[in-house]
Amino acid sequence: MKRIYLDYAATAPCDPKVLEAMELFFFDKPGNASSMHSYGQEAKKAVEDSREELASFINAQPQEIIFTSGGTESNNNVLLGVAESLKEKGNHIITSSIEHHAVSEPCSYLEKSGFEITYIGVDKDGLVSPEDVKKAIKDKTILVSIMHANNEIGTIQPIEEIGRIVKGRGVYFHTDAVQTVGHIPVDVNNLNVDFLSLSAHKFYGPKGVGALYIRKGSRINRFLHGGDQEKGRRASTYNTPGIVGLGKAIELCRKNMESEIKSQSALRDRMIKEIPKFIPEVKLNGHPSLRLPNNVNFSVKYIEGESMLLSLDMLGIAVSTGSACTSSSLEPSHVLLAIGLDHATAHGSLRVTVGRWTTEGEIEYFLESLPKVVEKLRAMSPLYEKK
Ligand SMILES: Cc1ncc(COP(=O)(O)O)c(C=O)c1O
């Protein structure tokens, strides 16, 4: 049976060119980038080359980048590190109701230790209103954290405008750009952010490595205590193969991004157009145009997303019902509830995300298979009456 991977937002395959670049650093070039001998210096140079590659891609300075273990660590570092560093100034943080758990959970943790968190709601397309952010800012607000694009419904937020407002009030601004770096243009100066999180496995790099952009001069406490790597801002031996992989993945995105935006949005738009033609009572979730080039998310009435996922899996097609981290939970996704879906409709949702190696033929096969799966499941559903 042929297998088709349509779950790129959960994680993307590592590009073979990335793997090739990393390989040397596992055996032939084993140095610790903090060591003074030539092995160490060779590793250090590779780490710094990657830092420069990433910095120039997001229009930052190399010294404004620290490497981390991924998006979760970068987000935790910002939330907890800024809260701790600025607790004398204020205890109020603003975020949105549709953040990834890697932001919302550190917020809940801070709430338990006396911080006040304001969760800004979104409209039916998943957009945060800059005006709502403006109204929520108080004298004791120390940080605003709003994601660049949502991992489930793909909606892209007006970060530039929100950033202008937040910076205008002298408050730090963070964006979780895990779903956007490598997929759409990301420029830390245009976006007006002080902190930005990213993760290599979402843009064809290895899993377990990411980075945090920290605007020069920003006050933030370190998250990992130990050695003085990253100029004392993040302890632990440099993950040289991972960091080299991240740099190579960025180099490839620099070359491919423009054409991939075109090809992936064509596949996306084909699905958005054709799915409702073959399946009655289906609803697109997320903004119709302000959305990631590779994301389709829709709710199919009267059936469960999990049943669709498993039936498609039996046909060799991998999709998702929500974010990768929540798809094992029985609660409907907080993102789908936040855009106003009722529990039943939220439960009937499917996320399809394409990537570098998705072909027209694969989408064709998916579009042929899905209506059959839906028809079979609806025939078994006590809720469905054929019109
Ligand atoms: C928006 C967003 N933020 C953060 C994360 C966590 O990133 P990582 O898996 O690198 O810890 C993810 C992963 O799904 C994500 O989609």
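Rule-based calculations on the coordinates, nothing more; no lab input. Since we're looking at a predicted model, the values are computed, not measured. Note: ideal-geometry Cβ built from the backbone for every residue, glycine included; neighbour counts use all protein chains shown.
Couple of notes before you dig in:
- With contributions of -39500 (n - 2.57) from each DSSP H run of at least four residues, the per-residue ellipticity at 222 nm computed over the chain stands at -13000 deg cm²/dmol.
- When the Gaussian network model of the chain links Cα atoms closer than 10 Å, the mean-square fluctuations of Phe298, Phe223, Phe26 top out at Phe26.
- For Ser35 and Lys255, a Förster radius of 35 Å and the Cβ-Cβ distance give a FRET efficiency of 0.60, rounded to the nearest 0.05.
- Net charge dipole, the chain: roughly 360 debye, given to the nearest 20, about the Cα centre with Cβ charges of +1 for Lys and Arg and -1 for Asp and Glu.
- In sequence order, calculated HN-Hα J values of the stretch 305-317 (Karplus, 6.51, -1.76, 1.60; Hz; x Gly/Pro): x, 4, 5, 4, 4, 5, 5, 5, 4, 5, 8, x, 10
- Computed 3J(HN,Hα) for the stretch 6-13, one whole-Hz value per residue from the Karplus formula 6.51 cos²θ - 1.76 cosθ + 1.60 where θ = phi - 60°, is 10, 9, 5, 6, 6, 6, 9, x, glycine and proline marked x.
- Percentage, to the nearest whole number, of Cα pairs in the stretch 282-380 over 24 Å apart: 18
- Ala33 long-range amide H proximity, modeled H, under 5 Å: Tyr238
- Annotation for the stretch 186-218: chymotrypsin sites (Phe, Trp or Tyr not before Pro) lying in DSSP loop with at most 12 further Cβ atoms inside 10 Å of their Cβ do not exist.
- In order through the stretch 58-74: 3J(HN,Hα) via Karplus (6.51 cos²θ - 1.76 cosθ + 1.60), integer Hz, x for Gly, Pro: 9, 6, 10, 8, x, 6, 8, 10, 10, 8, 10, 8, x, x, 4, 5, 4
- Centre separation in Å (Cα based) which lies between the stretch 208-266 and the stretch 335-372: 29
- Taking other C-beta atoms within 10 angstrom as a stand-in for reagent exposure, Cys253, Cys107 fall in the order Cys253, Cys107, fewest first.
- Maximal additional length on extending the Ser129-Arg3 stretch stands at 41.3 nm, based on 0.36 nm per residue less the C-alpha distance.
- Taken over the stretch 152-208, the alpha-carbon convex hull comes to 88 cubic angstrom per residue.
- Cross-link partners of Lys89 among lysines (Cα-Cα below 28 Å; sequence separation of 8 or more within a chain): Lys112, Lys134, Lys135, Lys138, Lys140, Lys167, Lys216, Lys231
- Exposure proxy ranking for Asp269, Asp176, based on other Cβ atoms within 10 angstrom of each Cβ and starting from the fewest, stands as Asp269, Asp176.
- Hydrodynamic analysis of the chain uses the Kirkwood radius over alpha carbon pairs. Inserted into Stokes-Einstein at 20 °C and 1.002 mPa s, it gives a translational diffusion coefficient of 99 µm²/s.
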